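The structure appears below as C-alpha cells.
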Amino acid sequence: MTSTGLEAAAAARHNPPMEPARYWTAEPGGRLRCTLCPRDCRLGEGQAGFCFVRQNVGGRMVSLAYGRSTGFAVDPIEKKPLNHFYPGTPVLSFGTAGCNLGCRFCQNWDISKARLADRRSGEYTAAEVVRLAVEAGCPSIAFTYNDPVIWAEWAVDVAREAHARGLKTVFVTAGYVGEEAREEVFAHMDAANVDLKAFTEEFYHRFTLAHLAPVLETLAWLARTQVWTEVTNLMIPGLNDEPAETRALSEWILEHMGPEVPLHFTAFHPDFKLRDRPPTPPETLSRARAVALEVGLRHVYTGNVHDRAGQTTRCPGCGAALIERDWFAIRACRLEGDRCAACGLRLAGRFGGPVELTPGRRTVLGIV
Ligand code: SF4
C-alpha cells in the first residue's frame, strides 16, 4: 500500500462508518423498534437503546459496536467456561461496550455499563481479528466480556471469516435474544456458554432488569441444535443459592436439555451495585454441585475457586477421572480422542487431538 493509501486507511479507522444494523422495524410516528432482544426498545430519532450500541440515526438503525473491540486476550477455553469443547486450548477473546441486561451484580461492569465513547476501543476488520487469532495460535475465537447479542452482526461477520480460515467460534451470552437473531447468529457458532442467572422470574426482574422465560427458550432451542452448549449459574449468597432453586434449575436442564449438558456453578464476588453480599463460600458451590448430580446431570462443575474434585471431568460410565483441572489449569488427562481410556465410553462434547496439560493462564493483548 502506498503511504497515501496507509494514511487513508488510518483516517478511515478514526471515522468508522456507522454500520447499518439488522433486526428492526419502523413504527408509525417515526420510531424504530429493535427486535434483536426481548427488551424491545423503541427509539426516536437520535436515541440509543438500553444497550447503548444501537441507535436510530436518520430513521435507520445503526450498530455503533460494529468493527470495535475494547481489547483482546488469549484465554484458556476453560475460562469461558467450556470444559467439553477442545479442552486445554487457547481462545482469542474480545468484546465491545454495552449490554442488554442490567445486572446489579455484573462482574464485568466496567465494559458492560460503558458507552463506546467512554471506553478506549479499537476498530478492526473481521480478517484482522481472525489473523490475530491465527498469529496467537488460537484454534477458536470467543465473543465475550459483554453480551455479544448486542453486536450480533459483527460477531457473525467475524465468525464467517473464522470458519473460512478453519477456526471455531464461541458465543458467551446471557441468552436474552430475539427469535430471528437467535436463528441467524447461532448458525455461525460452534459452541455457547449461556449464563442462567437464577431460576426465578423475581430474581431476573429485580436483579437483571430482564425476564427468565426468553433465556429458557434460548436454552431449550440450543439443545436441539448442533451448537455445543454449557450453562453457567453464578451463585450469589442469599439471592439464588437455595438448594430448592438449584434443584428446580437442574431438573429443568435435565428435562429440556438432557443429562450431558455441562453445568457450572461459579462464585460471585461483590461488585458494581451489589457490594453488600459476601463472596460465595466454596461450600455453597459444592452443595449445589451435589444437588445437580443427584438430579441426574452428568457433568457438573464449580468455578472461580480452587476445587480439583469439583472441576474434574469424570467418565459417566466407570467414574474414572478423565480431565483433572485446578481452576483453569489442566493437570492430567485420561481421554483417548473422545473416549474414556479406562472403559471406552464416549465423552459428550467436542474434542480434537490429545488434551495438553496447561497452566490455564490468560494473556492480555490489550488493544492491538
Ligand atoms: S439489542 Fe439493545 S436496542 Fe435492541 S432491544 Fe435489546 S437493549 Fe434494546
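For the stretch 119-174, a residue qualifies if it is in a strand (DSSP E or B), under 17 Å from the mean Cα position of the chain (by Cα) and away from the ligand (no atom under 16 Å from the Cβ), and the qualifying residues are SER140, ILE141, ALA142, LYS168, THR169, VAL170, VAL172. How many residues does the stretch 314-368 hold that are surrounded by fewer than 18 Cβ atoms within 10 Å (Cβ to Cβ), among the hydrophobic types (A, V, I, L, M, F, W, C) and under 30 Å from TYR124 (Cα atoms)? Of the residues in that region, 4 qualify.
Here the condition is being of a type in the set (Asp, Glu) and either buried (at least 16 other Cβ atoms within 10 Å of the Cβ) or touching a residue at least 60 places away in the same chain (Cβ under 8 Å) (or both); of GLU161, GLU135, it holds for GLU161 alone. Can you name every residue in the stretch 53-81 that is in a loop (DSSP other than H, G, I, E, B), out of contact with any Pro (no Cβ under 8 Å at 6 or more places or on another chain) and buried (at least 24 other Cβ atoms within 10 Å of the Cβ)? Of everything in the stretch 53-81, those that are in a loop (DSSP other than H, G, I, E, B), out of contact with any Pro (no Cβ under 8 Å at 6 or more places or on another chain) and buried (at least 24 other Cβ atoms within 10 Å of the Cβ) turn out to be VAL53, LEU64, ALA65, LYS80.
Looking across the stretch 268-289, the residues that are touching a residue at least 40 places away in the same chain (Cβ under 8 Å), in contact with a helix residue (DSSP H, G or I) (Cβ under 9 Å, 6 or more places away or on another chain) and among the charged types (D, E, K, R) come down to ASP271, LYS273, ARG287.
For (1) within 30 Å of LEU239 (Cα to Cα); (2) part of a strand (DSSP E or B), each residue gets a yes or a no:
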| position | (1), (2) |
| --- | --- |
| GLU283 | yes, no |
| SER286 | yes, no |
| VAL305 | yes, no |
| ALA309 | yes, no |
| PRO316 | no, no |
| ILE330 | no, yes |
| ALA342 | no, no |
| ALA348 | no, no |
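Could you tell me whether the stretch 265-275 includes any residue that is at pLDDT 95 or above, polar (S, T, N, Q) and buried (at least 18 other Cβ atoms within 10 Å of the Cβ)? Yes, there is a match, as at least one residue in the stretch 265-275 is at pLDDT 95 or above, polar (S, T, N, Q) and buried (at least 18 other Cβ atoms within 10 Å of the Cβ).
The values are calculated or read from the model by the stated rules, or taken from the named source; none is laboratory data. These numbers were taken from a predicted model, which means no experiment stands behind them. In this analysis, Cβ positions are derived from the backbone assuming ideal geometry, glycine residues included, and neighbour counts consider all displayed protein chains.
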